[in-house]
Ligand code: ATP
C-alpha cells in the first residue's frame, strides 16, 4: 500500500504488534518455502533414477524427507496463522473500543450528520474487514513473493536464462491484474455507500417495525431496505463482470508456468546450453514456482476495499471533539447554575432556537420551564448537558464556564432523564445500580420511593431482581420513566433535569412523583420541562418561553396574574382537561 493517510493509520495501529506480526510472516513464509520441497524431491529422485546405478535407500530417504516437509509445513502454517489472527483480533478489539469511546466525546451535532447505519458500518463492518489484511494479506503477500524469489535464485544460480524464463510470466500477470483493477477504488467507494444505505434502511425498519405493522404496510413499503439490498446486488454483479477477465488471466498465467518452462528448457537442453539434470531441476521447480502467487489473486481488490474502510475509520477517529479546557480545584457541593444571555442556533437553521436566555437554578429550588411546542425548552436542556456549545453568552455551574468542566465533572454534576428513557437488558436492580454501583439498599429504596417506582417494582415477579427485557420492553412506558427517574436520583448529582418525564404517567403517580421529588431534592437544583401546567403549580419558579426567548419568570400565582401567554396556556389546558369525546362536559 502506498504512503496514503490510510496506510499511515494501518502502520500506526500495527506499531505495538510489529513483533508478533513479523513472527507470523516468518512462519508463514517458511511454510510457503516448504512448498518447494516436493519439487526438489522430485528433482533429486529423477536425477537418482536416471543415474547409472540408482540407490534404493536414497529414494526412501527422499520419501521420508518429503513427508516430514509436509508435516512441518502445516505446523508452521498453523502457528503463523494463529499469531496473525491474534494480532488481527487484538487490533480489531482495540479499534472498536477507541471508536466507541470517540462517539462519547463528539458533540451531538455529529450524530445528526452521521446516520446510525453509517456509524454501525464503520465500527462493525469496516473494522472487521481489517481481519483479511492483517491475518491473511500481509503474511500471504510476504510468503507469496518469497517462494518465487527463492526458486528464481536457485534457477539463476544454475543458469541465468533459467531464472529469467521462470519469472517471465510474472510482470505480465501483474500488469494485467493492475490494469483490470484500475479505477476499482471508486467502485469500492460506491459499494461502501450502498452498504451504508442498506444498513440505515434495515436499522430504520427494525426500529419502526411496530408502527409499520400497526398500519398494515406490506414489505413493498420498505423501499429503503429493498433499494439498499438491490443496490448492493447490482454493484456486486457489475464488479464481478468487470474483474472476471483480469482474475481469469492472472490465475491462468500463474498456474501455467509450464507453458514457458517446458519449451524453453527443452530448447536450451537440445542446444546443449544446459545439462539434462539442469533441465529436470528447471521443470520441477519452475512449473510450480508462481503457484503461491495465486494467493495474491484478490490482493489488489482487497487492498482497495480496505483502504476505503481505513479512510472512514480515520475520519471517525479524527472527528472534531467537544473542546475541553482543563479546570482546576473542586467545585462547590451545591453549585448554582447560571444561563447568561445564552444564544444558540442549530447548524443549518437561520432562527436561533434560544436567544438572550438568562436565568438561575439554585440548590433546594425546583424550576419548571413551560412554553408551546418549539419554544426551545429541550434545546435549553441540551445546552446544559453540553450536547451543543452556546453561540453567544455563557452557561456557568458553580461560577465556572461549562466549557471549562471536564466530561467527568459534568457527569458527576448533572442527572438527566429525557423523554426517551434509556434502559438496558438486565434486572431492575442492574439498571438502578448503573447510576452508582456502590449504592446502599437504603439509598436505592429512597430513590425508588421518591420516583413512585417502589410499589410497582415490588409487584413484579422477582421484585428488584426481575429482568426487564431489551430496552425495558417488559415494562409500561410510565414504569420505565419512573425507573429512569429513580436512577437519576440515585446518582446523587446536585443538579437534576427531568425533560417531560411524567408524560406517560397516570395523574396519581404524577402527584406521587412530585411529592417524592420535592422531598428528595431538598438540597438539589431541580429543572423540570413540563407540558402539563397542573403538575407545576407548586414549584419555586416557572420560566415561560416562546420562540426561543424567555417571556417571564415567577411563581404560578404571579404568572397567572401578570403573564398573558402563561394565563392563556393555563386556560387552554384547563379547557382541554374538560373535553370529552362526545362533546364538552357540563
Ligand atoms: P416540544 O415541546 O415540542 O418538545 P421544545 O420547546 O422542546 O418543543 P425544541 O426541541 O427546543 O422545542 O426546539 C426549538 C426549535 O429548534 C424548534 O424550532 C425546532 O424545530 C428546532 N430544533 C430542535 N432540534 C433541532 C435539530 N436537531 N436541528 C435543527 N433544528 C432543531
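The values are calculated or read from the model by the stated rules, or taken from the named source; none is laboratory data. Every value quoted in this text rests on a predicted model; they were computed, and no experiment measured them. Note that we place each Cβ from the backbone using ideal geometry, even for glycine, and neighbour counts take in every protein chain shown.
A few points about this structure:
- In the set (1) closer than 27 Å to residue 190 by Cβ; (2) away from the ligand (no atom under 16 Å from the Cβ); (3) assigned to a loop (DSSP other than H, G, I, E, B), the condition left unmet by residue 106 is number (2).
- Here residue 29 qualifies as in the same structural domain as residue 191 (by TED's automatic domain parsing) and surrounded by 19 or more Cβ atoms within 10 Å (Cβ to Cβ).
- Scan of segment 261-284 for residues that are within 27 Å of residue 179 (Cβ to Cβ) and modelled with pLDDT under 85, ordered by number: 261
Let's see how each residue does on (1) more than 16 Å from the ligand (Cβ to nearest atom); (2) in contact with a strand residue (DSSP E or B) (Cβ under 8 Å, 6 or more places away or on another chain); (3) in a helix (DSSP H, G or I):
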residue: 522; (1), (2), (3): yes, no, no
residue: 531; (1), (2), (3): no, yes, no
residue: 560; (1), (2), (3): yes, no, yes
residue: 566; (1), (2), (3): no, yes, yes
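- Filter result for the condition that a residue is more than 16 Å from the ligand (Cβ to nearest atom) and assigned to a loop (DSSP other than H, G, I, E, B), over 308, 319: 319
- Applying the criterion of being modelled with pLDDT of 80 or more and crowded, with 17+ Cβ neighbours inside 10 Å to the residues of segment 169-184, the residue that is farthest from residue 253 (Cα to Cα) is 176.
- The criterion of being under 25 Å from the mean Cα position of the chain (by Cα), under 23 Å from residue 513 (Cα atoms) and at pLDDT below 85 holds for residue 422.
- Considering segment 267-288, and only residues there that are more than 25 Å from residue 33 (Cβ to Cβ) and touching a residue at least 24 places away in the same chain (Cβ under 8 Å), the residue that is nearest to the chain's Cα centre (by Cα) turns out to be 268.
- Of all the listed residues (495, 395), the sole one being modelled with pLDDT of 90 or more, within 16 Å of the ligand (Cβ to nearest atom) and in contact with a helix residue (DSSP H, G or I) (Cβ under 6 Å, 6 or more places away or on another chain) is 395.
- When residues of segment 371-387 are limited to those that are crowded, with 18+ Cβ neighbours inside 10 Å and more than 9 Å from the ligand (Cβ to nearest atom), the one nearest to residue 344 (Cα to Cα): 383
- Residue 332, sole failed condition from (1) closer than 26 Å to residue 417 by Cβ; (2) surrounded by 14 or more Cβ atoms within 10 Å (Cβ to Cβ); (3) more than 9 Å from the ligand (Cβ to nearest atom): (2)
- So residue 359, is it within 16 Å of the ligand (Cβ to nearest atom) and over 35 Å from the mean Cα position of the chain (by Cα): yes
- Residues of segment 404-431 that turn out to be in contact with a strand residue (DSSP E or B) (Cβ under 8 Å, 6 or more places away or on another chain), over 20 Å from residue 494 (Cα atoms) and away from the ligand (no atom under 16 Å from the Cβ), as a count: 3
- Filtered residues of segment 412-432 (kept if part of a helix (DSSP H, G or I) and without any contact (Cβ under 8 Å) to a residue 24 or more places away in the chain): 430
- Some residue of segment 343-352 being in contact (Cβ under 8 Å) with a residue 24 or more places away in the chain, crowded, with 19+ Cβ neighbours inside 10 Å, outside any strand (DSSP E or B) and more than 10 Å from the ligand (Cβ to nearest atom): no
- The set of residues in segment 72-88 being closer than 16 Å to residue 138 by Cβ and surrounded by fewer than 14 Cβ atoms within 10 Å (Cβ to Cβ) consists of 82 alone.
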